[in-house]
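Derivation of every value follows stated rules applied to the coordinates shown; laboratory data play no part. This one's a predicted model, so the numbers in the text were calculated from it and none came from an experiment. Cβ: placed from backbone, ideal geometry, glycine included. Neighbour counts: every protein chain shown.
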Amino acid sequence: MAPLVPVRGRVYAADIGFGRKSWVVVSNNHRNRALGDCLAVRLTTTLRTPTTTVVALGPADRPFVGRVMCDDITLLDGEDLIEDQGALSFATMTCVANGLRAALGL
């Protein structure tokens, strides 16, 4: 089976050595297609206080619940992606972009 092509804003299940986790792609689609990998941040259901780098998911993001950890950035190879689980809302991705700016000091 061919690896999934990662798309910005979509959530993928991936196991990169510590169990299957959900990750949202944050790198741009042109880069993802050209390189066959992507930059992603982790979703968690662990209760955390929302901060500039922790974005709470809302009703528009269902079935996803929890938080996006914008300071937990990783490189996922296309072959690491197990399943396309859906997409986050545009509003949440705007908050994620702001969270990435805060995490990276941009």
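Distance between the pseudo-spin-label points of Asn28 and Ala91 (7 Å out from Cα toward the beta carbon): 2.7 nm.
Taking Cβ atoms as reference points and 13 Å as the exclusive limit, the residues near Leu57 contribute a net charge of +3, counting Lys and Arg as +1 and Asp and Glu as -1. Taking every alpha-carbon pair under 8 Å whose residues sit at least 6 apart, the chain reaches a relative contact order of 32 percent. Compared with the alpha-carbon gap, the fully stretched path from Ile73 to Ala60 is longer by 2.4 nm at 0.36 nm per residue. Applied to segment 3-14, the Karplus parametrisation 6.51 cos²θ - 1.76 cosθ + 1.60 on θ = phi - 60° returns per-residue 3J(HN,Hα) values of x, 5, 8, x, 10, 4, x, 8, 9, 10, 7, 8 Hz, with x for Gly and Pro. The smallest convex shape that holds all Cα atoms of segment 10-104, its convex hull, gives 94 Å³ per residue.
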